[in-house]
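Trainee: If you scroll down you'll find the structure; I have some questions about it.
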Amino acid sequence: MTIPAPDLDDRTFQDIVDEAKRLIPRYTPEWTNHNLSDPGVALIELFAWMSEMVLFRVNQVPDRLFVHFLNLVGITPFPPSVARADLTFWLSAVQDSPVSVPAGLQVTTVADASGDPVVFTTNSELLITQPTLRAALTTDAEADQLVDVYDDLRFPGASVVCFTSVGERGHLIPGDCLILGFAESLAGMALRLSFAATARGIGVDPARPPLAWEVWNGEAWIATDVFSDSTGGLNRAGEVVLMVGPEHELLTLGRTAAYWLRVRLLQPAPGQPTYQESPRIEDLAVAALGATVAAEHSSTAVREVLGRSDGSPGQEFVVGFPPVLPRRAGETVVVTDAGNPVEWTEVEDFSRSTATDPHFVWESTSGVVRFGPRLRYPDGSVRQHGRIPRDGTEIAVSGYRHGGGSAGNVGSRTLTVMRSAVPYVSGVVNLRGAVGGVDGESVAEAKIRGPLTLRTGQRAVTAGDFERLTLESSIEVARARCLPSATPGGPVRLLVVPAVRTDPATHQLDDFALSAPLLRRITEHLDAHRIVGTAVEVGTPFYQGVSIAALVHAPAGRPMALVRQRAMAALTRYIHPLTGGADAAGWLFDADLNAAALAQLLESVEGIDRVDEVQLFEYDLRTGRRIGAGRDMIRLDRHSLFLSGPHRVVVR
């Protein structure tokens, strides 16, 4: 157990009043009326109240000293993390020449009476070029044969049969594909495919065609979002607008190396009609309507002069807009001596800096730029850690980014205002909500983390060390699980659950994917602390979908719709990687799910007096289907976590 911290003075208000009253006979024996109505007693209580406030402040001294100690050992609160969003820029018209959207372009939400708009800045330059179609193939799902149909798309009067495999009942066999090859990568592009076709795809629902658009990302075919489709499933003349993701790699098919896009015939869902005859394409034209680029919730500060050096060690300067985001290439301190600007090097601390090293420390949370101190060692020697800027030299920063926090987690289609006009660009929008923004660590949280860090050190040796260091790597990490190597000398596996701050009822499988910046931050942090020779693999748990069917009873007069809503919300929160489990701290690894626990949970929901039946179904989070029959228990592997699918609650 921890050693309890004693109060420097533990007297309360009543203790002070009683002590003052006991001293009255000694100093003023003629004062005999000690009732509450006496003015003297009122004065005693007034000063006792004031004294108690002073004692309260005095008793905070240990906490203040503890915080100073954490600062001395280098434990500071984590800075806020920045929210990220993909911004799609739309062209005013299809352009033959490339259109450039510069890096650093600011896009904001619409300002309202509640406050200033939220500002996002593009991370890199976006170049929108027109795609070039160079190949077209069809593939047979059963025979796995590729047929070149590129010439049929180019010559007038010819047509292309998209799907060729026919089953016993005359239905098309799922898995057939029409594959289009492009000379350039379509990554991030808003691609328009203009089709000329006649109504041949008999039987399909135009609003729900059983088709999937996919691109090759170097390892597998991944889905591409359909922004709009006026072809009714390739069944009439119209346009399909696709939002291609950030990954699109080269692949060789049929001796042709290209960047491939395919449309695949799917197995129809229950109740969904499918094609009786394959659609035919008579002509195809492709064009880029826009493109998508990554952006972050930050603002850029240009070169800022912090002051001039006085030649003393341990100097400190503060930038104008803290907190400061992690520095990029070119964001550093510039020391100008005799008109000669020199960029200095940022280090984590001065422990390895010599008197000639141009080093500085830049604290992200406070924005303080600190130069090296001069220390006296036990042998009496005095050493300078880090060079001191000469007296009178100018201290400046070349630029930095500031911002971050949960305010950046804006919803979809809210970033629509460009602060600078771009030629041939008509507008911008974020088709998905921003994610990843987390407020900085509070002092109370840092005080809890400090002793754990000091107790375990800074080396990753045990499974607990790897989990702790993963949690410390970023405030965006909510949970971490370290699995030992399956083979002697094999890699250590780390399963990471990112922090998702939105309503658990809206969470989907893709919300728990690790973004590239977060994955890079985790791996770099672990690489700096792991033992040489230890390999580390960072990934996500396997999320086992679960769908619950329950029959419950409510007392007469209760609104059934409200009771059903409460029950489904309780199930969703309980079967969740972040809010699930008995303690609402996230579902435990290796913890199975059984019907008895769910029945007990439902009985605690307001408006439910009896639970008649609970059935558990495994649920495929990708296809949206239940798997197998209902059961009383679903077991969980050690590398898995439960995530709720849609539930069905019947209230009687």
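Trainee: Here are R262, R255, R236, R208: which of them is at positive phi, in the same structural domain as C177 (by TED's automatic domain parsing) and basic (K, R)?
Mentor: R255
Trainee: Okay, next question. Can you name the strands (runs of 3 or more DSSP E) wholly within region 124-199 that have at least 1 residues being over 42 Å from the mean Cα position of the chain (by Cα) and modelled with pLDDT under 90?
Mentor: In region 124-199, 146-148, 189-198 are the strands (runs of 3 or more DSSP E) which contain 1 or more residues that are over 42 Å from the mean Cα position of the chain (by Cα) and modelled with pLDDT under 90.
Trainee: Also: Of everything in region 313-329, what is of a type in the set (D, E, K, R) and farther than 20 Å from P80 by Cα? Give them in sequence order.
Mentor: Hit for region 313-329 is E316, nothing else.
Per-residue answers, yes or no, for (1) farther than 15 Å from G399 by Cβ; (2) β-branched (V, I, T):
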site	(1), (2)
F321	no, no
R328	no, no
N340	yes, no
D349	yes, no
T356	yes, yes
V361	yes, yes
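Trainee: Name every residue in region 303-347 that is surrounded by 12 or more Cβ atoms within 10 Å (Cβ to Cβ), under 14 Å from R401 (Cα atoms) and basic (K, R), in order of residue number.
Mentor: R327
Trainee: For region 263-300, how many residues are under 30 Å from L153 (Cα atoms), in contact with a strand residue (DSSP E or B) (Cβ under 6 Å, 6 or more places away or on another chain) and among the acidic types (D, E)?
Mentor: Qualifying residue count, region 263-300: 2.
Trainee: Here's something else I'd like to know. Are any residues in region 511-543 over 14 Å from the mean Cα position of the chain (by Cα) and among the aromatic types (F, W, Y), and if so, which ones?
Mentor: Hits for region 511-543 are F542, Y543.
Trainee: Anything in region 413-448 that is of a type outside the set (V, I, T), closer than 24 Å to G290 by Cβ and within 15 Å of the chain's Cα centre (by Cα)? List them, or say none.
Mentor: Once the filter is applied, which keeps residues that are of a type outside the set (V, I, T), closer than 24 Å to G290 by Cβ and within 15 Å of the chain's Cα centre (by Cα), region 413-448 yields R432, G433, A434, G436.
Trainee: Looking at (1) in contact (Cβ under 8 Å) with a residue 40 or more places away in the chain; (2) touching a Gly at 6+ places or on another chain (Cβ under 9 Å); (3) within 17 Å of P279 (Cβ to Cβ); (4) in a strand (DSSP E or B), which is the only condition V240 fails?
Mentor: Of everything listed in (1) in contact (Cβ under 8 Å) with a residue 40 or more places away in the chain; (2) touching a Gly at 6+ places or on another chain (Cβ under 9 Å); (3) within 17 Å of P279 (Cβ to Cβ); (4) in a strand (DSSP E or B), V240 misses just condition (2).
Trainee: Go through region 377-389 and report how many residues are free of Cβ contacts under 8 Å to residues at least 24 places away in the same chain and part of a strand (DSSP E or B).
Mentor: Qualifying residue count, region 377-389: 1.
Trainee: Among the residues of region 288-306, is there at least one that is outside the structural domain of P174 (by TED's automatic domain parsing), assigned to a strand (DSSP E or B) and over 30 Å from N430 (Cβ atoms)?
Mentor: Yes, region 288-306 contains a residue that is outside the structural domain of P174 (by TED's automatic domain parsing), assigned to a strand (DSSP E or B) and over 30 Å from N430 (Cβ atoms).
Trainee: Does region 467-488 hold any residues that are farther than 13 Å from V538 by Cα and modelled with pLDDT of 80 or more, and which are they?
Mentor: R468, E472, S474, E476, A478 - these are the residues of region 467-488 that are farther than 13 Å from V538 by Cα and modelled with pLDDT of 80 or more.
Trainee: How many residues does region 263-303 contain that are out of contact with any Gly (no Cβ under 7 Å at 6 or more places or on another chain) and within 23 Å of V99 (Cα to Cα)?
Mentor: Number of matching residues: 9.
Trainee: Follow-up. Tell me which residues, restricted to region 324-348, are in a loop (DSSP other than H, G, I, E, B), over 15 Å from V302 (Cβ atoms) and at pLDDT 90 or above.
Mentor: Correct list: W344, V347.
Trainee: Can you tell me which residues in region 242-257 are crowded, with 19+ Cβ neighbours inside 10 Å and under 28 Å from T198 (Cβ atoms)?
Mentor: L242, M243, V244, listed by residue number.
Trainee: Got at least one residue in region 315-323 being out of contact with any Phe, Trp or Tyr (no Cβ under 7 Å at 6 or more places or on another chain), under 30 Å from V204 (Cα atoms) and either assigned to a strand (DSSP E or B) or in contact (Cβ under 8 Å) with a residue 60 or more places away in the chain (or both)?
Mentor: Scanning region 315-323 turns up no residue that is out of contact with any Phe, Trp or Tyr (no Cβ under 7 Å at 6 or more places or on another chain), under 30 Å from V204 (Cα atoms) and either assigned to a strand (DSSP E or B) or in contact (Cβ under 8 Å) with a residue 60 or more places away in the chain (or both).
Trainee: Does region 222-236 include one or more residues that are part of a loop (DSSP other than H, G, I, E, B), basic (K, R) and either touching a Pro at 6+ places or on another chain (Cβ under 8 Å) or closer than 29 Å to A93 by Cα (or both)?
Mentor: yes
So that you can scan it fast, the table gives a plain yes or no per residue for (1) within 20 Å of G545 (Cα to Cα); (2) surrounded by fewer than 17 Cβ atoms within 10 Å (Cβ to Cβ); (3) in the same structural domain as Q272 (by TED's automatic domain parsing); (4) touching a Lys or Arg at 6+ places or on another chain (Cβ under 6 Å):
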site	(1), (2), (3), (4)
W587	yes, no, no, no
A591	yes, yes, no, no
E603	no, yes, no, no
I608	no, no, no, no
I627	yes, yes, no, no
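Trainee: Let me ask another. Being closer than 30 Å to L105 by Cα and surrounded by 19 or more Cβ atoms within 10 Å (Cβ to Cβ): is that true of V500 here?
Mentor: yes
Trainee: Okay, next question. Identify all residues within region 619-641 that are without any contact (Cβ under 8 Å) to a residue 24 or more places away in the chain and of a type in the set (S, T, Y); write none if there are none.
Mentor: Passing the criteria: only T623.
Trainee: For region 601-643, what are the residues that are of a type in the set (S, T, Y), in contact with a strand residue (DSSP E or B) (Cβ under 8 Å, 6 or more places away or on another chain) and either assigned to a loop (DSSP other than H, G, I, E, B) or closer than 17 Å to G581 by Cβ (or both)?
Mentor: Selection gives S640 alone.
The values are calculated or read from the model by the stated rules, or taken from the named source; none is laboratory data. A quick note: this is a predicted structure, and the numbers were derived from the prediction, not measured. Cβ atoms come from the backbone with ideal geometry, glycine included; neighbour counts cover every protein chain shown.
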